[in-house]
Structure formats: structure tokens, C-alpha cells
Amino acid sequence: MTTSASPSESKATSDQSEVVIETRNLTKVYRDFWGRQKVRALNALDLDVKRGEIFGLLGPNGSGKTTTIKLLLGLLFPTSGEALVFGQNAADVEKNERVGFLPEESYLYRFLTAEETLDFYGRLFDMTPQMRKKRANELIETVGLQGARKRQLKEYSKGMTRRIGLAQALINDPELIVLDEPTSGLDPLGTRQMKNLILKLRDEGKTVLMCSHLLADVEDVCDRIAILHQGELQELGRVKDLLQVADTTQIQANKLSDEAKEEIRQVIAKHGGELLEMENPRSTLEDLFLSIVADSEARPGRRAGSKK
């Protein structure tokens, strides 16, 4: 005789399977030679990261971001609490076959080319020669290094090194990608390309844990964020919910006459509101920079002030 699970039990099982990273009371204390507490790098961290989302760890230097990542990768052991990745203890190295990691500083063999670098890391995952070659070609194109694929890494700029580091992190087609300061060393164009790639990874169903202190990068790509400070979790939630100003209403319109604007001011005052501002909206410096670069490539030789 077989029994079927109740709807509530099935939902609980489904919800649990969607959790890729889970920490409960995760604490890390560094001690000195005599065993005395030197610094509490992480204190009772509770969070979970669900499959298919981009989750951002945000905080100033020394807030516990890198310690959290090292605990999740099994590079450190917790003082107390637990960290689970794919339902396994984070200290279990087998789970790392399903994880890709881009550290803040990529430690790569400088005498190898991009092709040789990806082939080397492919060997570590026991990939066949055919699969290594296919995967290397795909990733080199993805990160935009087609023209430098046969150059030694010692000739790469920091931005190029960052991109081949990301390709290395993706060589095993991981389900979970951990990125520590992914836009470090990139110019605005490279930063936008990196952020677009992160969004593409999410669209492919992958889970991304992104660690950064650059607020704009986190705001642009993350679904949810956790804000750490001095090892403590200070805030957790969806980006759009955390940034929403509840008691302010924003209205955008175009082609309004001065008379229409005056009527709007009167309506707001009539209903007891306070007009905070009424002016033309601003773009961002990033958008301006990218549009200028695109325009320059479309019309080579154009100079500032020229209307040609």
C-alpha cells in the first residue's frame, strides 16, 4: 500500500529543495595564539539563498562578507552554527563540483594563454578533451576575449584578467556561482558587460551569490540583498522593497506646459501634500558614459561640441 504526501508536506519538500544556501546561527571567531578571542568576524548569521536568484552580500570592508564566502566554500570552519550548500554541510568538498568561484584576486598562471588556462581547469574536473575545447571556445566568446585567446595572461590588463577569471569559474557549468567583487578593476564598459553576464546566468537558471561594496552594482543586478556590518546581519530583503520610499509618490510626464505644472502644484496643495520637486529627470553617469562610447564607435572622429 502506498501513501501520497499531503499538499502541505509536498510544498515543504519543494520549498526546501529550492534553497541552495542556508546558514543558521553561523558564527566565526578568530583567536590568538593563546586561544583568546581576537575578533568576531561573523555573529549568528541566518539567511537562505534560493535557486535561480542573484543574492548580494553587501557591506564595508571588514563586515564579514569574505568570511561568509570562505565558510560556504569550506575554506574555513565555523566556530558555531552551520552552513549548508545544496543541503550538504559546507565543509563537504564534493559539493564544490557544482560551484564556481571568482575570488577578489584571481590567482592564475601568468605564462599560460586563455585557451591553456581553461583547458587546465577543465582537466581538474575530468572533462574530456573535446568538452574542454568546446567549453573554452564558448567561454572565451562569452567574456569577450576572442582577440586575446592566444596571448599569455602576463600581457593581460587587470580587466582582461578579471574576465578570464570569470571564465575559469564557469568552466564546470556550475549551478551556483560565487562572485567576490566581480567588477573589481573593470572600466564602466567592462562593468556593464559583467553585470549583463550575471543577469544572463540567472536567466539560465543558475544561482549567483555576489559579494560587493559597490552599491550601484548590487542595486542593478541583485534580487535580494543582505547588509552586513561588523559581522552582524543588519538588513535582509528584496532590493525594490528596501529602496522604496513609502510616503512619497513619484509622477513622471512629458510635454507639460507651465500652466499644467501650476495646476498640479495647486492640486497637491489642495489635498494637503507637499511638493518636493518638479524638474527634469536625470540619467546616471554610467548611462551617459555608455551612450557616449556607443556614439563614438558609431561615428568615429566625432569630437565634443561637434553636431556632425
Out of L199, L189, L209, I need the residue that is under 17 Å from G52 (Cβ atoms), out of contact with any Lys or Arg (no Cβ under 7 Å at 6 or more places or on another chain), surrounded by fewer than 20 Cβ atoms within 10 Å (Cβ to Cβ) and of a type outside the set (D, E, K, R). Which one?
L199
Would a scan of the range 45-63 turn up a residue that is of a type in the set (S, T, Y), at pLDDT below 90 and under 20 Å from the mean Cα position of the chain (by Cα)?
yes
Filter result for D258 (modelled with pLDDT of 65 or more, under 30 Å from L58 (Cα atoms) and charged (D, E, K, R)):
no
Tell me whether the range 157-168 contains one or more residues that are under 10 Å from the mean Cα position of the chain (by Cα) and either of a type in the set (S, T, Y) or buried (at least 19 other Cβ atoms within 10 Å of the Cβ) (or both).
no
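The values are calculated or read from the model by the stated rules, or taken from the named source; none is laboratory data. Quick caveat: nothing in here was measured; it's all calculated off a predicted structure. Every residue, glycine among them, receives a Cβ derived from its backbone with ideal geometry; neighbour counts consider all protein chains shown.
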